[in-house]
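The values are calculated or read from the model by the stated rules, or taken from the named source; none is laboratory data. Owing to the predicted nature of the structure, the values given are computational and were not obtained by experimental measurement. Glycine also receives a Cβ, built like all others from the backbone with ideal geometry; neighbour counts cover every protein chain displayed.
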Amino acid sequence: MRPDHYKLLYDFVSWAGEQPHIAGIALVGPGADDENEEDSDLSFLIISDKKTKTLETILHQFQFDLMEQATREEWGLLTTLRIVYGGGIKAEYGVAGEEWLQLPMDQAMGDTVMKGFKVIWEREEMFGQITGYIEAHQF
């Protein structure tokens, strides 16, 4: 992982740990691999009991770098914010409630977690279904 990615990860987790509406954070995709040096985006999976509030606080309160662009996409119970920061870092913040974790894993998300998945922080164990999926589908 690149040094600027580590800084974003550290800053975000430090900030998120003080937000009572955030229950857990994981990295997904190639950016979840510490050994990965490719120029992949950081993709966070954030579990929150207040999805809208979490999305708004990331946009307006999380201070990492100047935001050049932010786009929002709806994927059913999962909403993503894609942010391009002034330093060139791109991050995706996927926010969902705990009920999203109970849904069967669709093909797209399954492919993503198989490229990398790392639980960064959680108030209580909640990512078991995803880690179980990974264990069941490894070669």
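Tell me, which residue of segment 61-108 that is of a type in the set (A, V, I, L, M) and in contact (Cβ under 8 Å) with a residue 40 or more places away in the chain is nearest to residue 18 (Cα to Cα)? Here the residue is 95.
Residue 64 passes every criterion in (1) part of a helix (DSSP H, G or I); (2) hydrophobic (A, V, I, L, M, F, W, C); (3) farther than 18 Å from residue 26 by Cβ apart from (1). Taken together, 57, 71 contain a single residue that is part of a strand (DSSP E or B) and polar (S, T, N, Q), which is 71. Evaluation of residue 86 against the conditions (1) in contact with a Leu (Cβ under 8 Å, 6 or more places away or on another chain); (2) within 17 Å of residue 131 (Cα to Cα); (3) at pLDDT below 90 shows that the sole unmet condition is (2). Among the residues of segment 4-30, those identified as surrounded by fewer than 17 Cβ atoms within 10 Å (Cβ to Cβ) and either touching an Asp or Glu at 6+ places or on another chain (Cβ under 7 Å) or of a type in the set (A, V, I, L, M, F, W, C) (or both) are 13, 15, 21.
Would you check which residues across segment 13-28 are touching a residue at least 60 places away in the same chain (Cβ under 8 Å) and among the aromatic types (Phe, Trp, Tyr) and list them? Across segment 13-28, there are no qualifying residues.
So that you can scan it fast, the table gives a plain yes or no per residue for (1) under 21 Å from residue 10 (Cβ atoms); (2) of a type in the set (Asp, Glu); (3) surrounded by fewer than 17 Cβ atoms within 10 Å (Cβ to Cβ):
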residue: 46; (1), (2), (3): yes, no, no
residue: 80; (1), (2), (3): no, no, no
residue: 83; (1), (2), (3): yes, no, no
residue: 98; (1), (2), (3): no, yes, yes
